[in-house]
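Notes follow once the structure below has been shown.
The values are calculated or read from the model by the stated rules, or taken from the named source; none is laboratory data. Just so we're clear, the structure is a prediction, and the values are computed from it rather than from any experiment. As a convention, Cβ positions derive from the backbone with ideal geometry for all residues, glycine included, and neighbour counts pool all protein chains shown. Accessible surface areas use protein heavy atoms only, side chains included; no ligands, DNA or RNA. Shrake-Rupley method; radii C 1.70, N 1.55, O 1.52, S 1.80 Å.
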Amino acid sequence: MTAAGLCRGLDTLFAVPPEHRLDDVDRVTARQVLGCDDHTLSELLDRGLPASGDAGEERFDSRDLFNLALYSGTGSTVPEQAFAYSLRWMRASTEELLVPRASRFALSVACAADACGPQPTSVLALPRPERYGGAVHDLTVEPAGGTVGPGDDTVTRTASRLAVTATVHTRGELAELRSPELRAIAAEFAAMDLRWVKLPEALSDDVDLVTTRGVASCDSASRYLAGLCERAGFAAVTRIGWVVGMLDLVHAWVEVEDDDGATKVIDPVFALFSATVRDANPLLRDPAVALRTNRLIPTGLSTGGTVAAHRCAGGPTAARVTTKILPAPTRPQEGS
C-alpha cells in the first residue's frame, strides 16, 4: 500500500525546479521520510523521482520528499503523521477556537557557523497579539539593551545570538463576511483545490505557481487572495506570524476591510488544511465567515518579511532559528 501510494503521489508531485534544488538527503534518510524500503525507493527513482549522484548513492531534495509523502495517502509517512498530529486542533468546537488562551512564546536566532564572524547582527520579529485584541506580558529580550516599544515590529541586537520570550494572550473571533463579493472571492479560492507544499524560499511568494501548477505556500496563497480582494476594490494586506500547535511553521493569512468597515481575517491555507482533516470544524472552510482562531499570533510584518535573520562578516549568513510555543500554566482572564 505504501509503495502504491507513493507512486500515485509521484504522478502529481510538483518537483523543485533544478535551479532551486538542494539535494540535502541521502537514501537512508529518504527511506525514513517516505516510510518505504530500498526497493520502493529504487522504483520511485525509475519512475522519475528527482535525484543527483551515482546509482545507489543518490541524494534528494528534502522538500520533494516531504511533498511526495504528504500527499501519498498512505497515512504512515513521517510528514503525514506530523501534519495529522499538528492539525488535530481543527476538530475543536467553535467555542474552543474562540476562547482566550495563554501561551509561553520563545523565539531565538543564532549564527549557524562554527564561529560567528565579525560585526554580528541578529534580528527577530516580535509577537503582536494586541492587533487582534490580545496582549503580551513579561516580554524579555536577551541580550538586553535598548528599548522595545509597543509599536515595534522587530528587535535588533549586535550579537551572535538573540532570544525573545513572552507570555502571549490570544483570542479568536468569528465574524460574518458582509460583502457578497468577498464571500464569492473566498468561495472561488476554495474551489481552486490547491495543494499546500513546501517550496524553496525563492519560490514561496510566487503567485504564478498558484494559477499554473495548482500549488501554494502560505505566502503565495495569501498574496494571491489579497490580490483578488484588492482588484475587487477592497483594502487588503497579508500578515505573517505563528500558529499555536503548528510546530515552528511561520504562517501567513489575509486581513481585509469588509463592507461594514471592520478588518477581518481570511485564512486561505487553513481552509486547504482543514479539507484534509477528518471531522474538521466546518467553519474553517465556510466562505461566508471570517474565522480568526485563538491560535494565531501575528507579527507586524507582511509576507516577504523575515521573522528571524542574522548577519556577520559583512553579509547575511545561515542562521539557526528555534521556535517554541507552549501552553502557559494558567488560563488568561477575560479582558486581559
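Peptide packing for 288-297, 111-120, 257-266 was compared via the average number of neighbouring C-beta atoms within 10 Å per residue; ordered from the highest value, the list is 288-297, 257-266, 111-120. To the nearest 10, the accessible area of residue 176 is 100 Å² with a 1.4 Å probe.
The Cα center of segment 55-94 and the Cα center of segment 98-113 differ in position by 23 Å. Of the residues 96, 57, 255, 43, the one with the largest accessible area comes first in the ranking 57, 96, 43, 255, computed with a 1.4 Å probe on protein heavy atoms. The Cβ shell under 11 Å around residue 109 holds other residues with a net charge of +4, Lys and Arg each +1, Asp and Glu each -1. Can you find, among 287, 124, 42, the residue sitting farthest towards the positive end of the charge dipole of the chain, where Lys and Arg contribute +1 and Asp and Glu -1 at Cβ? Going by the charge dipole, the pick is 124.
How would 20, 39, 137, 310 line up by accessible area, probe 1.4 Å, largest first?
Ranking 20, 39, 137, 310 by accessible area, largest first, yields 39, 137, 20, 310.
Annotation: peptides 206-212, 100-106, ranked by per-residue average of other Cβ atoms within 10 Å with the highest first, follow the order 100-106, 206-212. Comparing mean-square fluctuations of 64, 205, 138 from a GNM of the chain with C-alpha springs under 10 Å, the top value falls on 138. Among 85, 71, the order of accessible area from largest down is 85, 71, computed with a 1.4 Å probe on protein heavy atoms. Among 4-12, 213-221, sorting by the average number of other beta carbon atoms lying within 10 angstrom of each residue, highest first, gives 213-221, 4-12.
Only helices enter the 222 nm calculation for the chain: every DSSP H run of n ≥ 4 contributes -39,500 (n - 2.57), and dividing by all residues gives -7500 deg cm²/dmol, rounded to 500. Absence of a disulfide-compatible partner, taken as no other cysteine beta carbon within less than 4.7 angstrom, is noted in the chain for 7, 36, 218, 229, 312.
Each Lys and Arg Cβ is given +1 and each Asp and Glu Cβ -1; about its Cα centre, the chain then shows a dipole of about 820 debye. Projecting the Cα atoms of 164, 111, 228 onto the charge dipole of segment 106-238 (Cβ charges, centred on the Cα centre) puts 164 farthest toward the positive pole. Accessible surface for the chain, divided over its residues, is 47 Å² per residue with a 1.4 Å probe.
Ordering 218, 177, 145 by Cα displacement along the dipole of segment 141-222 toward the positive end leaves 145 in first place; charges were set at the Cβ atoms of Lys, Arg (+1) and Asp, Glu (-1).
So I have [x] 145; [y] 154; [z] 199, and one of them is volume of the Cα convex hull per residue in Å³ calculated from this model. Which one is it? Only one option fits the structure, namely [y].
Magnitude of the charge dipole for segment 177-336, about its Cα centre and with charges confined to Cβ atoms of Lys, Arg (+1) and Asp, Glu (-1), is about 620 debye. Note on segment 13-113: with charges restricted to the Cβ of Lys and Arg (+1) and Asp and Glu (-1), its dipole about the Cα centre is near 660 debye. The accessible area of residue 140, taken with all protein chains in place and a 1.4 Å probe, comes to roughly 60 Å².
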